[in-house]
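*Asks:* This structure is in structure tokens; I'll ask about it shortly.
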């Protein structure tokens, strides 16, 4: 990880903090979060097989996680945005089963897991919040498998865009206009589609007036029709 940035109070609004957490407990939680590191596009947070010791908080920017098989082929397993925590998948086996890499300039903070465990015994609701985050990830993985088995390419792209829209809305940004930090190839890899298929699907969605696309700049024009096309599968 690269350039270190002086930490600023942040965790009151991150997903790790229980909703009713008092200010003094927020300070205790903030105290174990290490200074943010500025990552450039392509920088790794950790690599598949590295020993598990920490989880990570995205303060700004975005991260992708992916696996690499014995032939060197990569498969994207998820995207993480500001306020989200990643790295819990390494807890069970003692090593990270995926690699985590910055999609753009990203500010990311390390949270040592042993300190987080100790603090969860002292802060009511923290261990429950951790379990909620992990269960949400399991649910997202299950929904993704269902999406890939049921939906055609246009529907997969629609569901993906609605999910990204929800991420931005939850963070107080525009839910209708946003920039995709991932490439068409990365979207295709995540959704199980060829990059050419992804491009054609975006073209069709734009032709039918559901979205407007200019490079990675994206605008959702018709939420209702886009949701109908996604078959109601909005959360990935």
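The values are calculated or read from the model by the stated rules, or taken from the named source; none is laboratory data. Please read all numbers here as calculations on a predicted model, not as lab measurements. Here the Cβ is made from the backbone with ideal geometry for all residues, glycine too, and neighbour counts use every protein chain on show.
*Asks:* Being part of a helix (DSSP H, G or I) and surrounded by 16 or more Cβ atoms within 10 Å (Cβ to Cβ) is the filter here, so list the residues in the stretch 107-126 that pass it.
*Replies:* Scanning the stretch 107-126 gives 113, 116, 119, 120, 126.
*Asks:* Another one. Residue 24 fails exactly one of the following numbered conditions: (1) closer than 18 Å to residue 112 by Cα; (2) in a helix (DSSP H, G or I). What is the number of that condition?
*Replies:* Residue 24 satisfies every listed condition except (1).
*Asks:* Just wondering, is there one or more residues in the stretch 50-68 that are surrounded by fewer than 17 Cβ atoms within 10 Å (Cβ to Cβ), modelled with pLDDT of 95 or more and either out of contact with any helix residue (DSSP H, G or I) (no Cβ under 9 Å at 6 or more places or on another chain) or under 27 Å from residue 161 (Cα atoms) (or both)?
*Replies:* Looking for residues that are surrounded by fewer than 17 Cβ atoms within 10 Å (Cβ to Cβ), modelled with pLDDT of 95 or more and either out of contact with any helix residue (DSSP H, G or I) (no Cβ under 9 Å at 6 or more places or on another chain) or under 27 Å from residue 161 (Cα atoms) (or both), one finds at least one in the stretch 50-68, hence yes.
*Asks:* Let me ask something additional. Would you confirm whether or not the stretch 208-220 contains a residue that is touching a residue at least 40 places away in the same chain (Cβ under 8 Å), over 23 Å from residue 140 (Cβ atoms) and part of a strand (DSSP E or B)?
*Replies:* Yes; the residues of the stretch 208-220 include at least one that is touching a residue at least 40 places away in the same chain (Cβ under 8 Å), over 23 Å from residue 140 (Cβ atoms) and part of a strand (DSSP E or B).
*Asks:* Counting just the residues of the stretch 185-201 that are part of a helix (DSSP H, G or I) and surrounded by 20 or more Cβ atoms within 10 Å (Cβ to Cβ), which one comes out farthest from the chain's Cα centre (by Cα)?
*Replies:* The selected residue is 201.
*Asks:* Can you find a residue that is modelled with pLDDT of 90 or more and crowded, with 19+ Cβ neighbours inside 10 Å anywhere in the stretch 138-152?
*Replies:* no
*Asks:* Separate question: What number of residues in the stretch 163-184 are in contact (Cβ under 8 Å) with a residue 60 or more places away in the chain and part of a loop (DSSP other than H, G, I, E, B)?
*Replies:* 3
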